[in-house]
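The structure under discussion appears below in the form of structure tokens.
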Amino acid sequence: MTDVRIRAAAPDDLDTVLAFWKAAAEGTSISDDRDGVERLVARDPQALILAEDGGELVGTVIAGFDGWRCHLYRLAVHPQRRRLGIGSALLAAAEERFVRLGGRRGDAMVLQRNETGQHAWRAAGYTPEEQWRRWVKPLGT
């Protein structure tokens, strides 16, 4: 890994983050819009963690903590920068954050079809819990 800087996102980063996710993240989320990401950063300014190299965004992870559980979302690394330790550095920062906040276990949202992502999560020590199924309901529509 080169001189990658890990830091929390600021409001000025949000358009760059949204564009980055279109190029580097698998799938889309109902919250992948300016309003959704603004709410995240306003509510928890340390939750959206960025990796930059020379001022260029090369990775992201959302490390959300609700006071009870530690949730990881949107781990994404620029396709040309994968397997260089950027994802590991982002996860280390997220896990350190969780420990500081009193979290005891992190969980990650990983698409079933995302084999690359599943490999990365396994390499980081995460395992699937097959007995669980995610249930969702869009709100306000």
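The values are calculated or read from the model by the stated rules, or taken from the named source; none is laboratory data. Just so you know, these numbers come straight off a predicted model, no measurement behind them. All Cβ positions, even for glycine, are placed from backbone atoms using ideal geometry, and neighbour counts span all protein chains on display. For the accessible areas, the whole protein counts, side chains as well, though only heavy atoms, and no ligand, DNA or RNA atoms are used. Shrake-Rupley method; radii C 1.70, N 1.55, O 1.52, S 1.80 Å.
What you get for the chain, charging only the Cβ of Lys and Arg (+1) and of Asp and Glu (-1), is a dipole of about 480 debye around the Cα centre.
For ARG43, the shell of other residues with beta-carbons less than 13 Å away shows a net charge of -3, using +1 for Lys and Arg and -1 for Asp and Glu. Protection proxy ranking for 81-87, 69-75, using the average of other Cβ atoms within 10 Å per residue and placing the highest first: 69-75, 81-87.
When DSSP beta bridges are restricted to pairs lying wholly in the chain, around 85% turn out antiparallel. Computing log10 I(q)/I(0) by the Debye sum over Cα atoms at q = 0.09, 0.16, 0.18 Å⁻¹ for the structure here picks out one of [x] -0.25, -0.86, -1.12; [y] -0.57, -0.97, -1.09; [z] -0.24, -0.79, -1.00, namely [x].
Solvent-accessible area per residue in the chain equals 68 Å², computed with a 1.4 angstrom probe and all protein chains kept.
Keeping the other protein chains in place, figure out the carbon and sulfur percent of the accessible area of the chain, with a 1.4 Å probe.
The nonpolar share, carbon plus sulfur, comes to 50 percent.
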